[in-house]
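See structure below.
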Amino acid sequence: MTRKHPTDDGDELLARLGALTAQARERAELQRSRVELAVALQQGMLPTSLPRVPGFRLAVEYQPAHHALSVGGDWYDAFTMPDGCIGLSIGDVQGHNIEAAAFMGQVRVGLRALASVTSEPGELLTRINNLLLSLGTDLFATCTFVRLDPSTGVLQSARAGHIPIVWATADGRSGLAEDEGGPPLGVLPEITYPVTEHRLFAGDVFVLVTD
């Protein structure tokens, strides 16, 4: 029978600590790589500029939450549609990971593509809802789509499970848009989304937000 020397026990402990440290470092590097990939993916899918609309000012503020991967499926978009109106979309995909960021890109690109077929917000949400269902994914998204006619100041909006628009007027009134809305995108087939109409006057503000 042999007895371990104390130094042998110490060497074994140091070896185990070294192995655990190496594993922790490897996992930290993997996590950092995943974060960098997700951030690059998300940032690459957001618009690099906003349309210039005479008589109106568009502005955005994007502040992702700093937990988990620090990214998710929140998006915004603004673009000129074939009929000369401005399309505005904002939404939030379920989850906070690379899959949510990728799905967000599909929704945003899908809305832009379908806007070349129809600019009516309710029909547009119905079409993108059916498209997402056809992909067979388990993810879903909330969304608000707004069509702004710069020539009249009329806003037409449709909402799919998303937070209502916040509004304020030049004379100091403010509140939440009272629109009916419908369920999130990618949940139920053949859903129709009601459209609410508003009009912007000088000094009025409409704010689209996510949570």
Rounded accessible area of residue 93 (nearest 10 Å², 1.4 Å probe): 0
Across segment 161-178, in residue order, what do the Karplus-derived ³J(HN,Hα) couplings come to in whole Hz, using 6.51 cos²θ - 1.76 cosθ + 1.60 with θ = phi - 60° and x for Gly and Pro? x, 9, 5, x, 5, 9, 10, 8, 10, 5, 8, x, 7, 7, x, 10, 5, 9
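If r is the Cβ-Cβ distance from residue 149 to residue 29 and R0 is 35 Å, what FRET efficiency results, to the nearest 0.05?
Working: r = 51 Å, r/R0 = 1.46.
Between residue 149 and residue 29 the formula returns 0.10.
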Give the long-range amide H neighbours of residue 74: residues separated by 5 or more places, or on another chain, with amide H under 5 Å away, using H modelled in the peptide plane at 1.01 Å from N. 93
Label zone at residue 117 (point 7 Å along Cα-to-Cβ), backbone N below 12 Å, segment 153-188: none
Given the whole protein assembly as supplied and a 1.4 Å probe, what does the accessible area of residue 79 come to in Å², nearest 10? 20
Just want the answer: with Cβ charges of +1 for Lys and Arg and -1 for Asp and Glu, which residue in 160, 116, 142 is farthest toward the dipole's positive end in segment 116-180? 116
In nm, the gap between the two label points placed 7 Å beyond Cα toward Cβ at residue 17 and residue 50 is 5.5
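The values are calculated or read from the model by the stated rules, or taken from the named source; none is laboratory data. Predicted, not measured: the structure shown is a model, and the values here were computed from it. Heads up, the Cβs are rebuilt from the backbone with ideal geometry, glycines too, and the neighbour counts pull from every protein chain shown. Accessible surface is based on the protein model in full, side chains and every heavy atom, while ligands, DNA and RNA are left aside. Shrake-Rupley method; radii C 1.70, N 1.55, O 1.52, S 1.80 Å.
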